[in-house]
Structure formats: structure tokens, C-alpha cells
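J.: The structure under discussion is supplied below as C-alpha cells; questions concerning it will follow.
The values are calculated or read from the model by the stated rules, or taken from the named source; none is laboratory data. Please read these numbers as outputs of a predicted model, since none were measured by experiment. Glycine also receives a Cβ, built like all others from the backbone with ideal geometry; neighbour counts cover every protein chain displayed. Side chains included, ligands, DNA and RNA excluded: accessible areas come from the protein's heavy atoms. Shrake-Rupley method; radii C 1.70, N 1.55, O 1.52, S 1.80 Å.
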Amino acid sequence: MEAGGGAGEVRHWNAAVNGVTLHVAEQGPASGPAVLLLHGFPELWSSWRHQMAALASRGFRALAPDLRGYGDSEAPADAAAYTMLHIVGDVVALLDHLRLPKAFVVGHDWGAQVVWHLCLFRPDRVRAAVAMAVPYFPRGPVPVMEMFAARGDGFYVMQFQEPGRAERAFARYDAATILKKFYSIESDDFTAPPGVEIIDFLQAPSLPPSWITEEELRKCAEKFQNAGFTGPLNYYRMFDTNWKLTAPWNGAKITVPAKFIVGDKDIGFKSYGIGDYITSKDFKSSVPDLEVAIIEGHHFLQQEQPDKVNSEILSYLEKFTISELA
């Protein structure tokens with residue numbers, strides 16, 4: 001593995017894995033240590049554009065798929081096809097397709113959830129993991145939606161549950177406006193007032209956030225305009241199903257070496273006591289081989305603070321490849 005050199009062009013290809021076709025963007029030498037980059041909601045592979053270039057320039061093979069239901073990847077119609085077993089199954093099947101016994105995995109938001117569960121289900125396939133924005137929460141004693149229900153109907157996850165409800169509300173806007181609404185969230189509580197849909201409650205600035213250009217937003221919006229939001233929303237509709245399916249791992253710990261990165265202004269850090277959990281011994285208890293980095297920034301951290309995030313990821317992954325960097 002070389003420590004320098006150009007990043008090269010982004011290559012695009014499709015793979016039939018686990019019963020779906022996934023679109024994958026790739027950058028860097030095919031012989032380099034593989035890093036899978038898993039995006040969140042509502043994003044695509046391109047949310048990792050800065051990390052892909054940085055990883056590739058350091059000799060890593062960066063692989064960023066559109067997760068099932070997103071972008072140019074296949075979107076099964078049945079919500080039941082979006083359980084964590086399905087999504088993790090896609091990742092394992094992608095590693096098999098690439099003939100990779102193991103890989104580094106990096107995930108943000110829902111992608112972080114996939115990373116944690118990949119580490120839980122198949123630690124043998126992960127060299128080390130980096131999760132961003134969403135920490136690992138061990139399986140609780142009651143279904144997740146019982147806890148969310150206490151926050152009321154205005155809470156975004158509650159509104160996403162009923163098939164078609166959020167889609168009908170989203171249909172009042174073009175995809176670019178929807179993305180700007182989500183990308184610009186800074187409120188501490190992601191809850192709409194009574195009788196108001198969350199997408200109507202969120203503000204849409206006239207310009208996109210400073211970390212994404214008009215052209216980048218347009219390209220991303222085109223993909224969502226074409227594919228719709230049902231696939232991405234179906235992830236949220238599987239919370240209770242995931243709780244049932246993960247019963248065999250109740251009490252299990254994440255044994256893979258892992259790093260967690262979060263922005264100090266992320267609503268997921270500032271709200272609901274999550275910041276206290278992240279800095280507590282409970283998080284470390286569930287993920288014994290854990291490093292935590294709290295850096296300046298909001299939720300979409302890898303795009304907002306790419307240099308800082310790149311530094312955190314590279315410094316961590318290169319600890320595992322130091323022997324190859326001679």
C-alpha cells in the first residue's frame with residue numbers, strides 16, 4: 001500500500017447481491033485495503049465523495065454503494081425487505097462478490113446502524129469499524145417504537161411509520177427542497193407541532209448548506225426524484241421487526257475494534273440524553289474496543305467537516321495497515 005499518489009477517477013458498477021442489484025462507486029487502487037462506506041438518510045454514495053478521494057490518495061480502495069432503496073440501487077417494494085438482516089446481508093454479499101474475506105467499514109446515520117449490526121452479526125468480516133452520528137445501542141427490553149411513541153405523533157419516526165403518510169407529505173415538494181430541509185436541520189428536537197407533518201414543519205432555506213454545491217444538490221435530488229423516498233422510509237418502518245429479529249444477540253457486545261465520531265452540534269448528540277450516553281461507561285461496556293471523537297459540526301459531518309473527518313478516519317484505519325505502509 002502506498003502512502004501517496006493521486007486518488008484517480010471514481011468508477012461506477014452494479015452488482016447482483018442478496019437478491020437485489022446495488023450500484024457501487026469505487027475510487028483508489030483495486031489492490032488497496034478495502035473500505036466500505038455506508039451512507040445514511042437521506043443521502044447517496046456521493047455523501048462520501050471527500051472521504052473517497054482522501055482514502056484513495058492514501059492507497060485505500062474506497063467502495064461506496066447506494067444502499068438498497070436508494071439512488072441507482074434496487075428498491076424492493078415490500079417494506080419487509082428493509083430489515084437490518086437484509087441490509088447487513090447486502091454488505092456481506094457485496095464482500096463475497098468482491099472476494100474480500102474482510103474489509104474496513106465506515107458508516108454514517110443509518111449506515112452507522114448497518115456498521116454496528118455488521119460487527120454484531122459477522123465480526124469475522126470486519127477489520128475495524130468507524131461509525132458516525134449514531135452510537136451503538138444494545139437491544140432494549142421493549143420494542144423501540146414503544147419508546148418513540150412517548151414522544152408523540154409529531155416525532156419524525158412516528159410519522160414515518162404509516163406506509164404512504166410521509167410520502168404524501170413529501171409529494172408537496174420537489175426533491176431538492178426536501179433535501180435542503182433535512183440537510184439544514186439544527187433544532188434540538190426533531191418533532192413537529194400537533195397536527196403538522198414534519199416535512200411541512202422543517203424550514204427550507206433558499207440556498208443549500210455551505211457544504212454542498214447547487215450542482216451536487218441537483219444531482220442528488222434527481223436520484224431521489226426518480227427513485228422516490230419509500231425505500232429510505234422503509235428502514236424506519238422496520239424498527240420493531242429489527243427488535244424481534246435481533247433477539248439472538250440480546251446482551252451481545254461489539255467485539256470489533258471501533259471508532260465513533262460525532263459532531264458536537266448534531267441533534268443526535270445534543271438531544272434525548274444521547275450525548276451523556278456517548279461519554280458514559282455504558283457505551284464503552286457495549287463496545288469494549290472503542291475510541292470516541294467529538295468534533296465541531298452538525299449531523300452531516302463527513303460533508304460539513306471533511307478535512308477533520310478524513311483525519312479521524314485515516315489516523316484510525318492506518319493503525320491497522322501500518323505494516324503495509326513501508
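J.: Just from its helices, what would the mean residue ellipticity at 222 nm be for the chain, if runs of 4 or more DSSP H residues each count -39500 (n - 2.57) and the sum is divided by every residue, rounded to the nearest 500 deg cm²/dmol?
T.: -10500 deg cm²/dmol, from helical runs alone.
J.: If you don't mind, there's one more thing I want to ask. What's the FRET efficiency of Ser31 with Ile295 using the Cβ-Cβ distance as r and R₀ = 30 Å, to the nearest 0.05?
T.: It comes out at approximately 0.45.
J.: Here's something else I'd like to know. Roughly how tilted is helix 214-227, in degrees to the nearest 10 and between 0 and 90, from the longest Cα axis of the chain?
T.: That helix lies at roughly 70 degrees to the long axis.
J.: Also: Using the alpha-carbon centroid of each, what span in Å lies between region 212-255 and region 51-122?
T.: Each part's Cα centre sits 11 Å from the other's.
J.: Summing Lys, Arg as +1 and Asp, Glu as -1, what charge do residues with Cβ under 11 Å from the Cβ of Tyr235 carry, Tyr235 excluded?
T.: Residues close to Tyr235 contribute a combined charge of +1.
J.: Among Asp66, Asp200, what's the order by accessible area (1.4 angstrom probe), most exposed first?
T.: If we order Asp66, Asp200 from most to least accessible, we get Asp200, Asp66.
J.: Given (1) 20.7, 63; (2) 20.9, 66; (3) 18.7, 61 as candidate values of Rg and Dmax of the Cα atoms in Å, which corresponds to the one derived from the coordinates?
T.: (3)
J.: Could you work out the relative contact order of region 113-231, using alpha carbon pairs under 8 angstrom and six or more residues apart, expressed as a whole percent?
T.: 22 percent
J.: Moving to a separate point now. So what's the net charge close to Pro288: Lys and Arg +1, Asp and Glu -1, counting the other residues with Cβ under 15 Å from its Cβ?
T.: With Lys, Arg at +1 and Asp, Glu at -1, the net is +1.
J.: In region 232-312, if every C-alpha pair distance is counted and binned at 5 Å from zero, what percent goes to each bin?
T.: Binned Cα distances yield the sequence 3, 13, 17, 16, 23, 19, 8, 1.
J.: Considering only the other residues whose Cβ falls under 11 Å of the Cβ of Arg165, what net charge follows from Lys and Arg at +1 and Asp and Glu at -1?
T.: With Lys, Arg at +1 and Asp, Glu at -1, the net is -2.
J.: Counting other C-beta atoms within 10 Å, and keeping those with at most 12, which DSSP coil GluC sites (Glu not before Pro) do you find in region 177-270?
T.: Passing both the DSSP loop test and the Cβ count: Glu186.
J.: Related question: So for region 1-134, Kirkwood radius off the Cα pairs, Stokes-Einstein at 10 °C and 1.306 mPa s: how many µm² s⁻¹?
T.: Translational diffusion coefficient: 109 µm²/s.
J.: If I compute solvent accessible area with a 1.4 Å probe over the protein chains, what percent of it on the chain is carbon and sulfur?
T.: Taking all protein chains in place, the chain shows 54 percent carbon and sulfur surface.
J.: Need the full-extension length gain, Ile322 to Ser280, defined as separation in residues times 0.36 nm minus the C-alpha distance. One decimal, nm.
T.: Roughly 12.1 nm would be gained on extension.
J.: Whole number in Å², please: accessible area per residue of the chain, 1.4 Å probe, ligands, DNA and RNA not counted.
T.: 41 Å²
J.: Something else now. Using a ≥ b ≥ c from the Cα gyration tensor of region 266-326 (square roots of the eigenvalues), is it rounded, prolate or oblate, where a/c under 1.5 gives rounded and otherwise the larger of a/b and b/c decides, a/b for prolate?
T.: Since a/c reaches 1.5 but b/c is at least a/b, the shape of region 266-326 is classed as oblate.
J.: Run through region 113-221 and list the trypsin sites (Lys or Arg not before Pro) located in a DSSP loop whose Cβ has at most 12 other Cβ atoms within 10 Å.
T.: Arg172
J.: Counting other C-beta atoms within 10 Å, and keeping those with at most 12, which DSSP coil trypsin sites (Lys or Arg not before Pro) do you find in region 242-326?
T.: none
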